[in-house]
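A short write-up of the structure that comes next.
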């Protein structure tokens, strides 16, 4: 059950200084928040700055391309061959599965379909790339613990936000790469509809909905707003141990299975549950 | 360019009485809003009540199933065969393309991948179903004109919200079935990143992000909150004629093309632009 409020849900971007690699995020947050966190807050953190805190930044010149990376199809004719091979090597190392692609390399990582294994060349110093965060669920849990201790609060949510594409649709929307401290998936199965009959398809992916709002407000470009504070969100807070596989569906059982090809179903269908800490 | 604000974005569910079929929505909205609409507001409307206003409610007993509907595979053993065939007949009539499926019938309608052609059995009187709204973009434009006239305002946005699934992921999130009065797709291509280099993948699907927030706050069950008011959203308002195909990508050109099967690419790849009014 959701805790509903008469109050508006408020979504506020938190501006910070430019964040350097390996810089701890908690002090930056504490200096940048307009007010101390309170019970009932949800804090969204752009996965990019989590990766920076973890030092997940790589100088391309330091990467030794494997033969597979050198032989991979060139998608970006603008890059010089050596840079492209180094970039490709990182994708091959980071992804659980790489699919041939058209404009980007579509990859599967931790059960999520993401372009280029989440590796980003924008917002990184020249010649460097930023990888996806390492063990995002573990990070979310740790940050949740830190927030509770730092602010002396009990009920607080953490969402690592990222961007994703949607089939047949232009543009990206925000998604939750990981979350902690609340039920990100609100399972309403069997609750009555307006006419008292049980609802059938009523699993609401609340964490993605909140992340989508955060990415509209905080942005992904040069806004320097890696944190977004959400107040009075209708969520159920929890202290239980969350498991990433709770929100995943194998490819052969999701509603899109009938449009997938066999390579994809083999790669993503019926796969074992991922590591509980998202690693 | 987005208009950014220091203010929080505020998302408020608007509670209404139960809405009857063919009941005009504007008077219900006017009676239910906590304050008159103002310049800069975005109003989200659940597509379900738009369909109700349009009278898109069908008594299943009135539907004559075609042979194709009678021969379709049974996905729901709980329904009696006659009810199932009538339900199937509506899906076949409503969808542009029906794919075989596992738990639901995955369909393509107006360029959107949606379960059961958007036909919903929940929140409808017993023995009835609610179809997807007819010409949602046209409806959004009309309601936008009505709101401007009723409240004497210029810049206002309208979003028809619905729910969608995500590949490999449990639960639904909100999406914009149509929108009007603002740039739902924010194209930031070529704008500088933190280090001054042009961003590459920076089309932000703002309308979907806002719809996702609205669906978290307003809900899709029995909350009786078909309207959600969004204040101070960072959007660019416009009076230009929007076209649904602006936000669509053919299946053979989106980043997921490499995981699609041939049937789907033939159905959704390189298709002609849909009717500008979404019909």
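In summary, residue A:49 fulfils each of the numbered conditions (1) assigned to a helix (DSSP H, G or I); (2) loosely packed, with under 12 Cβ neighbours inside 10 Å with the single exception of condition (2). Every condition in (1) at pLDDT 95 or above; (2) within 14 Å of another protein chain (Cβ to nearest Cβ) holds for residue B:24 except the one numbered (2). The criterion of at least 1 residues that are at pLDDT below 95 and within 7 Å of chain B (Cβ to nearest Cβ) is met, among strands (runs of 3 or more DSSP E) falling completely within region A:167-223, by A:169-180, A:203-205. Take residue B:30 and decide whether it is out of contact with any strand residue (DSSP E or B) (no Cβ under 7 Å at 6 or more places or on another chain), in contact (Cβ under 8 Å) with a residue 24 or more places away in the chain and either in a loop (DSSP other than H, G, I, E, B) or at positive phi (or both). Against the criterion (out of contact with any strand residue (DSSP E or B) (no Cβ under 7 Å at 6 or more places or on another chain), in contact (Cβ under 8 Å) with a residue 24 or more places away in the chain and either in a loop (DSSP other than H, G, I, E, B) or at positive phi (or both)), residue B:30 does not qualify.
Please count how many residues of region A:132-144 are surrounded by fewer than 22 Cβ atoms within 10 Å (Cβ to Cβ), on the phi < 0 side of the Ramachandran plot and touching a strand residue (DSSP E or B) at 6+ places or on another chain (Cβ under 9 Å). The qualifying residues number 4.
Taking region B:6-21 as the search range and keeping residues that are within 11 Å of chain A (Cβ to nearest Cβ) and in contact with a helix residue (DSSP H, G or I) (Cβ under 9 Å, 6 or more places away or on another chain), which one is modelled with the lowest pLDDT? Among residues in region B:6-21 that are within 11 Å of chain A (Cβ to nearest Cβ) and in contact with a helix residue (DSSP H, G or I) (Cβ under 9 Å, 6 or more places away or on another chain), the one modelled with the lowest pLDDT is B:19. Residue A:25 passes every criterion in (1) free of Cβ contacts under 8 Å to residues at least 24 places away in the same chain; (2) touching a helix residue (DSSP H, G or I) at 6+ places or on another chain (Cβ under 6 Å) apart from (1).
The values are calculated or read from the model by the stated rules, or taken from the named source; none is laboratory data. Note that the structure is a prediction, hence the values are computed from the model and not measured. Backbone-built Cβ (ideal geometry, glycine too); neighbour counts: all protein chains shown.
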